[in-house]
Amino acid sequence: MLTIYGGRQQFCDGLSRRAFLKIGAFSMAGATGLTLADLHRVEAATGKKSHKALINIFLAGGAPHQDMWDLKMDAPAEIRGEFKPIPTKLAGVQIGECFPRVAGIMDRLTIIRSLVGNAGDHDAYQCMTGWRRNALAASGGYPSIGSVVWKLQGHTDRSVPPAIGLAAPTIERRWSDSGAPGFLGAAYGPFKPFMTGEGREASQKIVGTYENGPGLKLQGISMDRLADRRRLLSTFGQMRRDLDENSDVQALDSSFQSAFDLLTSTRIADALDLSKEDPKLVARYGDGKPYKYQYDGPPTCNDHFLMARRLVEAGCRVVSLSFGRWDSHGQNFDLVRHHGPRLDQALTALVTDLEERGLIDDVTVVVWGEFGRTPIINKDAGRDHWPQVNSAVLAGGGMKHGQVIGSTTPDGGYAHDRPVEFQHVVATLYHNLGIDPSTTMLQDRSGRPQWLLEKQETIPELVG
């Protein structure tokens, strides 16, 4: 289904000038490094797209690591909780009972149990950039991974934005942050097909849309109009003449072709249209319904995992999404019983799907949240914020998998050995995308060169 909302100040064709500017803004991008000519040569030789990609899965609100990947069965009852451990395909490694499918592919995954350096805020920013939000704030902040990749590597296809965010609008807006361009400017901001508004009203709209099937929203143009290529071409011809007469939009001339390419191509719409996918594969991923424990956060949209794979195949380099609302101050165990099996199904389907399509070495998958949860269970059967330690799960990317990195203290409260910093994870993600953070700098708005990360070392257990 394709649902598209219009704006105010419409042209006679129904597309507003403001909407066109917004559509055009995300597409103004230059490219350095790997060129389109390079990519075309690879395509000619292999017959298919060849690019490294990242699927960044954010568990909004901070998932309880000790109820998922790092159970503490020898701890007192007020710490260990209600879940039992289950064996995995790795000898001696156990995880929580809500993740039997993940247990079955543990030899193709890596769990980091000792992730430190959490900012402690409810915010996707650190998972999207590697930095805390206040870093370089005066210059617009650091760009997200997707924005950096867009700047350095450009498009694989002019009709496909290099960075796409699938997160639905949420009442707590920081939980639907799919990455921002920071000091690189709006031209490199991830394209967000589902972001049609902000706050509570937008969240309610989008949930209603998801209940009826996910939809792409490009302001002002209906599904029939998008499919009607001839009429759309005529529409843009008239719009171009109108815009040429308006000095306020002369500066957008260089971005016109990119916006035109997006709106006259069906690549994005096709990638998001799961009716074009094998129904058996769609069922393998699941849809995550019924959505529960959502409140002010994102729904458990399993279908976004499949859309992410399809977007990568269409040519996107970085896809980010938010999955579930894990802020479990109360009813922690009921929440994990709901969210956990859905994540278990979607993540396993994604990894298996990438393997079956021969994409697993080119596509990195990371699953993480902004912090962990308290060792002590509170009076409401919940766990509170705990930035002292966190966890992450990684797959693909040509990395060495089938391992657990680090450990925590007996109560799950602190890193016991092999602490891993947020930025070391992001440095590894950049490495997998073909970018060396130890040699790469970008200019901020003042023209001053900035390193991508302060801590530039990759995780040797994964890529050393």
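Rule-based calculations on the coordinates, nothing more; no lab input. Keep in mind that what you see is a predicted model, and the values were worked out from it rather than measured. Glycine gets a Cβ as well: all are built from the backbone with ideal geometry, and neighbour counts include every protein chain shown.
Fully extended, how many nm does the chain gain between Gln331 and Lys379 (0.36 nm per residue separation, minus their Cα-Cα distance)? Don't skip to the end; give the middle numbers.
On the way: separation 48, 0.36 × 48 = 17.28 nm, distance 1.00 nm.
16.3 nm is the gain from fully extending Gln331 to Lys379.
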Quiz item: Mind listing which trypsin sites (Lys or Arg not before Pro) in the range 58-142 are in a DSSP loop and have 16 or fewer other Cβ atoms within 10 Å?
Solution: Lys89
Self-check item: Exceeding the 29 Å Cα-Cα cut-off - candidates Lys276/Lys400; Lys52/Lys292; Lys151/Lys289; Lys52/Lys192
Solution: Lys276/Lys400; Lys52/Lys292; Lys151/Lys289
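Would you tally the net charge around Gly397, using a Cβ to Cβ cut-off of less than 9 Å, leaving Gly397 out, and scoring K and R as +1, D and E as -1?
Values: positive: Lys52; negative: Asp361, Asp362.
Residues close to Gly397 contribute a combined charge of -1.
Find how much the distance from Ala77 to Asp270 grows on full extension, using 0.36 nm per residue of separation minus their present alpha carbon separation; answer in nm with one decimal.
Numbers: separation 193, 0.36 × 193 = 69.48 nm, distance 4.98 nm.
Gain on extension, Ala77 to Asp270, equals 64.5 nm.
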Quiz item: When you count, for each residue, the other Cβ atoms within 10 Å and take the mean per peptide, how do 324-336, 371-383 rank with the highest first?
Solution: 324-336, 371-383
Exercise. Sort 288-295, 52-59 for me by packing, meaning the mean count of neighbouring Cβ atoms within 10 Å per residue, highest on top.
Key: 52-59, 288-295
